[in-house]
Every structure is written in C-alpha cells, then in structure tokens.
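Asker: Sharing a structure with you now.
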Amino acid sequence: MTDAPVSTLVTATGLEPALEPASISRAQKRKARKNAAKAAKRKITWERVWAQRALLAMSVPLLMYQILFKYVPVYGWAIAFQHYRPGRGSIWNQQWVGLQNFHNLFTGVNGERFRRVVINTMGQSVLTLIVGTFGAIVLALLLNEVKNLPFKRILQNITYMPHFLSWVIVASLASVALSLPSSGGFINQGLMSLHLVDHPVLFLTQPNYFWGIVAGTSLWKELGWNTILYLAAMTAIDPSLYEAAEVDGAGRYRKMFSITLPSIRPTIVVLLIINSGWILTTNFELPYFLGNGLVSDKSETIDVFVLRYGYQLGNYSLAVVAGIFKTIVAIILVGSANLAAKRLNQETLV
C-alpha cells in the first residue's frame, strides 16, 4: 500500500476529482428550466405551417365556433352599464347609467341576498369538487387494480351510465330517494332499518343538508365519467416500475401510493386548475329543482338568482353584471391556481 495522497493518485491515473455541485437557488433552477423549455421549442416557419395544413384546416371550424359564440357576444357587456329596455331598439340606443347596476347588485337592495348566493354557490361548488375529485381518484385506482378485463368493463359501464341521464331526471330520482318511506324514499327506509334514526328525516326541508345533497347527487352522476382521464393517465405508466416494485417486495397498496398516485399527479393538478374556473358556475338544475322556500337560504345560487331577479323580472342589466362578476372571478381563480401550481413546481396550464 502506498502512502501517496489521493490527489496524487488521481492525477497519476489521469482522472479528475469530481467537483461538488454548487448550491443553486430555486429561482436559478426555475430560470434554467424556462431557458431549456424555450430552447426546446421549435420556431414556427411557413414550411412547418404547410406541413401541418390538414390539422390547421380541421381546427378552423372549432376556432370559428369559439369566436362566434364566445367572443362576439362580449359586446353585450355594454348592457351592464345601461338601464336596458328591449323596446328601445339596439343596445346603443339605451340610457347609460355607469356603475349604478354594479352598485345595486353588490351593495344596493339586492346586495345582501347576492352575497348570500355567492357563498352558497362557492360552498356547493367546492364541496362537489372535493368529493368528486377524491371519489374519482379512488375509483380509478380500484378499477386499475382489476385484472379481469370483462369484469372491469362491466364495472366501468355501470359507473358511466348515470352520466348520460338528464339532470332533470337525476333531480327527480334524488327527490324520490330522499322522500318519506311511503313515497319510495329508500334512504330513510335504510336508515330506519339500521336503527340510525327513529323517524324519517325530511332532508329537503333541512337547509344544513342541502349542500351535501347536491354534492352527493353530483358524485353519483359523474363519478364514473370523471375517472376516464385518470384511467387514461394510468395507462401511460411504465409497467417496469410495477415490476421493480414487486421485486422489492412492494404490495398492491404500496404500489398504488408510491407509483400510481405520483404518476397521475400532473393530471390531478391540471384538472384542479381547470375546475377552479367553474367554482361560481355550479350546476343549475339541482339547486333549481331540489330547492324550495324552506331551504332557499342554502339552495339559491348565482344562476338561480339571475333567473329569478334578472330575466323573469326583465332586469337584464343585473343579469349581465352577475355574468361579468363570474367571468372575472373565474379568471382570477384559474390564474391563482396556475401560479400556485407553478410555485410548487407542479404541472401547469401555461
């Protein structure tokens, strides 16, 4: 054995000592990723456009649809700043009132009621989103573990079918299910059979139950359909990861939490970002058909409010103001969710 220092031996063998990487701040890492992404992007040239001419031609009808039905009607926002009356002709011949309609909606006669319906809308939407996302992920994980393909297809078809039912039919089924046992209310019948309640519960007359009823009904209808994207993301997972985990002694649940869930996390984050923009656009049919005077403090949402106090009373300016409010909030929520995901180094929309 020689007593020569390590540096001399390394130099003698022609090898360079490995240098320890310098500490890099998070901002520098993020900047490096952005630069790498920009370098990976290909410049748009006429040759590339011509090579993709078939795909571009197919996208023209969809682009025209978006422009015609999504952007052209935006000029109607001018009604929000007018005392609009249909009999006066076009919207440019109306009486302009500035921000009076915004004042009336947020702080005027309807202010307190509108603030309450905003809370109801957000409460129903957030609860539905949490329950729906969690349920869809759990069901997708369970379906992914079913190895018998015919049985798996049967389960998928059973869970998909409620999605194709009309919300009016779903609301009617929910109303019957929550009614008294003598009227076909099997939920009350089941609770009484299990001795969880001593007498039937009038669910649709209790305001505190309404948000849960909306979330549960939406879960039953859309549970199977919401698993499609998660199952599609699971098909892209490399099977060798499961094989390596099995060799290491990992069981089925360990593979779920260590491989499957981390692999579909980008899909979960992107869907949550997209769905955050629909927080104030909750389902209209369920609150409208299941709601009544006894639960109006918890059931009335923005869309129901606009229908009753906007269109039915001819107050179109109020309806447009509510629509502008929903749009602005949706943009803020999507942007905030996207920024939060970027700060956490997760998958983002842009």
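Asker: Kindly evaluate residue 313 against the criterion of being open to solvent by 20 Å² or more (accessible area, probe 1.4 Å), on the phi < 0 side of the Ramachandran plot and at pLDDT below 90.
Answerer: Yes.
Asker: From 302, 274, grab the single residue that is surrounded by 15 or more Cβ atoms within 10 Å (Cβ to Cβ) and of a type in the set (Val, Ile, Thr).
Answerer: It is 302.
Asker: So, one more: Just name the residue that is farthest from residue 125 (Cα to Cα) out of those in segment 327-350 that are assigned to a loop (DSSP other than H, G, I, E, B) and among the polar types (S, T, N, Q). Before you say what the answer is, go through the steps one by one.
Answerer: Step one: list which residues in segment 327-350 are assigned to a loop (DSSP other than H, G, I, E, B), which gives 344-350.
Okay, now just the ones that are also among the polar types (S, T, N, Q), so 345-346, 348.
Values: 345: 26, 346: 23, 348: 22 Å.
If we take residues in segment 327-350 being assigned to a loop (DSSP other than H, G, I, E, B) and among the polar types (S, T, N, Q), then 345 is farthest from residue 125 (Cα to Cα).
Asker: Another question, if that's okay. I need a count of the residues in segment 117-168 that are over 26 Å from residue 273 (Cα atoms), part of a helix (DSSP H, G or I) and free of Cβ contacts under 8 Å to residues at least 60 places away in the same chain.
Answerer: The number of residues fulfilling the criteria is 8.
Asker: Given 237, 324, which one is open to solvent by less than 70 Å² (accessible area, probe 1.4 Å), out of contact with any Gly (no Cβ under 8 Å at 6 or more places or on another chain), at pLDDT 90 or above and not in a helix (DSSP H, G or I)? Even if it seems obvious, please write down each step before you answer.
Answerer: On the way: 324 fails: not in a helix (DSSP H, G or I).
So the residue among 237, 324 that is open to solvent by less than 70 Å² (accessible area, probe 1.4 Å), out of contact with any Gly (no Cβ under 8 Å at 6 or more places or on another chain), at pLDDT 90 or above and not in a helix (DSSP H, G or I) is 237.
Asker: Residues that are touching a Ser or Thr at 6+ places or on another chain (Cβ under 7 Å) and closer than 26 Å to residue 283 by Cβ: does segment 189-199 have at least one?
Answerer: no
Here's the yes/no breakdown for (1) at pLDDT 95 or above; (2) out of contact with any Phe, Trp or Tyr (no Cβ under 9 Å at 6 or more places or on another chain); (3) open to solvent by less than 30 Å² (accessible area, probe 1.4 Å); (4) on the phi > 0 side of the Ramachandran plot:
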| position | (1), (2), (3), (4) |
| --- | --- |
| 117 | no, no, yes, no |
| 147 | no, yes, no, no |
| 153 | no, yes, no, no |
| 158 | no, yes, no, no |
| 161 | no, yes, no, no |
| 167 | no, no, no, no |
| 186 | no, yes, no, no |
| 189 | no, yes, no, no |
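Asker: Restricting to segment 185-199, name every residue that is β-branched (Val, Ile, Thr) and part of a helix (DSSP H, G or I).
Answerer: 187
Asker: Moving on to the next point. Counting just the residues of segment 88-99 that are in contact (Cβ under 8 Å) with a residue 12 or more places away in the chain and assigned to a helix (DSSP H, G or I), which one comes out most open to solvent (accessible area, probe 1.4 Å)?
Answerer: 92
Asker: Can I ask one more? Identify the single condition in (1) buried (at least 17 other Cβ atoms within 10 Å of the Cβ); (2) modelled with pLDDT of 90 or more that residue 336 does not satisfy, given that it satisfies every other one.
Answerer: Here residue 336 clears every test but (1).
Asker: Within segment 285-295, track down each residue that is open to solvent by less than 30 Å² (accessible area, probe 1.4 Å) and more than 11 Å from residue 209 (Cα to Cα).
Answerer: 286, 287, 290, 291
Asker: Return the only residue of 73, 61 being exposed (fewer than 14 other Cβ atoms within 10 Å of the Cβ), under 30 Å from residue 300 (Cα atoms) and either without any contact (Cβ under 8 Å) to a residue 12 or more places away in the chain or among the polar types (S, T, N, Q) (or both). Write out each step before concluding.
Answerer: Values: 61 fails: under 30 Å from residue 300 (Cα atoms).
Matching residue, one of 73, 61: 73.
Asker: Taking segment 268-310 only, how many residues are polar (S, T, N, Q), closer than 20 Å to residue 102 by Cα and at pLDDT 90 or above?
Answerer: We begin by selecting, within segment 268-310, every residue polar (S, T, N, Q); these are 275-276, 281-283, 292, 296, 299, 301.
Now drop any that are not closer than 20 Å to residue 102 by Cα, which leaves 281, 301.
Pick out the ones that are also at pLDDT 90 or above and you get 301.
Selection size over segment 268-310: 1.
Asker: Modelled with pLDDT under 95, in a helix (DSSP H, G or I) and among the polar types (S, T, N, Q), is that true of residue 179?
Answerer: Criteria not met by residue 179.
Asker: Take residue 236 and decide whether it is out of contact with any strand residue (DSSP E or B) (no Cβ under 9 Å at 6 or more places or on another chain) and more than 17 Å from residue 128 (Cβ to Cβ).
Answerer: Yes.
The values are calculated or read from the model by the stated rules, or taken from the named source; none is laboratory data. None of these values were measured; they are calculated from a predicted model. Note: ideal-geometry Cβ built from the backbone for every residue, glycine included; neighbour counts use all protein chains shown. When the accessible area is computed, the model is the full protein with side chains, heavy atoms only, and any ligands, DNA or RNA have been set aside. Shrake-Rupley method; radii C 1.70, N 1.55, O 1.52, S 1.80 Å.
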